[in-house]
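Throughout, read-outs are computed from the coordinates displayed, never taken from laboratory work. Nothing here was measured: the structure is a model prediction, and the numbers come from that model. Virtual Cβ from ideal backbone geometry, glycine too; neighbours counted across all protein chains shown.
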Amino acid sequence: MDSSNESKCVIGIAICDSVKMKAASAHARKQFYCLLRNGSSVECLERCLFITKAEKTVDSKRLIQVKKKKATLGGPCKAPIKVQLQGTLQAPADPSGFKDGDGWVTFESIDGLNLAGGGTFDGQGQAVWGKHCKQTKYCSKLPINIRFNYVTNSLIRDIISRDSKQFHVNVFGSQNVTFSRVSVIAPENSPNADGIHVGRSIGIKITDTTIQTGDDCISLGDGSKKITVTKVTCGPGHGISVGSLGKYQNEEAVEGVIVKNCTIKNTKNGVRIKTWPDSLDGLASNMNFEDIIMENVGNPVLIDQEYCPGNLCNGKVPSRVKISDVSFENIRGTSTTALAVKLACGNGYPFQNVEIADIDLKYSGREGPITSQCKNVKPKITGKHNPTPRTNN
């Protein structure tokens, strides 16, 4: 490593199973640190994580996929890893060379990751938004800013994801990971730029986090279990969503979701569950949304089993995703749509055990008085309500 890189990559980290690092002391093996300063590149990140000053001969190709535009930082490792990002790590503007689902920076198969430092992962998405795919179309070959694949017992805090070309943060196959004081920053017109997407993961916590983006602030895909979202400020964006569900074969159940003490403002939706019509089988249960403040939000409370962006599906065939044990409690604020509470169940699998309690929403637009709709469902209604629940339509 040359001296210029050493000044940025201050301390190397990681003792992985495939590498014997002769110079590592017993004390050093307990935890390894990496510090990235302003202006660091992906190549510097790779070298910092996997090559120390004491062991310059390590072949990094044995540990990670070394590519010019992205880094996969993979275990398994023999010790916890702490990565401090200070300043800005900037992605290349050109997205060529990425495959479907690729991450720009990926942490994979690591137990005990601690990612912090207050730094920024800048995806430079402005260069590609709306140019490689239509603005309304999912553009899978654009890279995700940060992926966490099969990461366990980890803490991600005090980092920023800015202007990702696609999703900002994607969590897959992971367990017991906490996101705290994370910021996602992107304009309202950034397409397919979900803030934090979780799929097939257990025990994920998202707290004290601010997300501004052009799509869902938080989206929970199939296999999301024991998910807790608290003290999140969302907006602009499309709200906090479970789904969409039912589009693909062999989707896993969504179970145990708590969304609490959040503020949603200037978004197209509030809290919602969305499934496709004419869908494959699926299950979503035990989901609770409570103590939510809405500020100028469209569709503040929404279960939509007729979710069909672009109207390119058969809306006449009901969804086959079973939804049960759902509650919306103490949701208050202002709506930008007259229809403020909509529970639209398909007629194939009626909702089971749905409760709405203490909903207080106001609307002052030109669409008429504030209303609600309950389609193919009779929820349990408790507390005071505005709008008045309508259960016969």
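Our summary gives region 234-281 a relative contact order of 61 percent, counting only alpha carbon pairs under 8 angstrom and 6 or more residues apart.
Contact order for region 242-393, expressed relative to its length and based on alpha carbon pairs under 8 Å spaced 6+ residues apart, stands at 21 percent.
Relative contact order of region 212-319, taken over Cα pairs closer than 8 Å and 6 or more residues apart, is 27 percent. Net charge dipole, region 231-352: roughly 340 debye, given to the nearest 20, about the Cα centre with Cβ charges of +1 for Lys and Arg and -1 for Asp and Glu.
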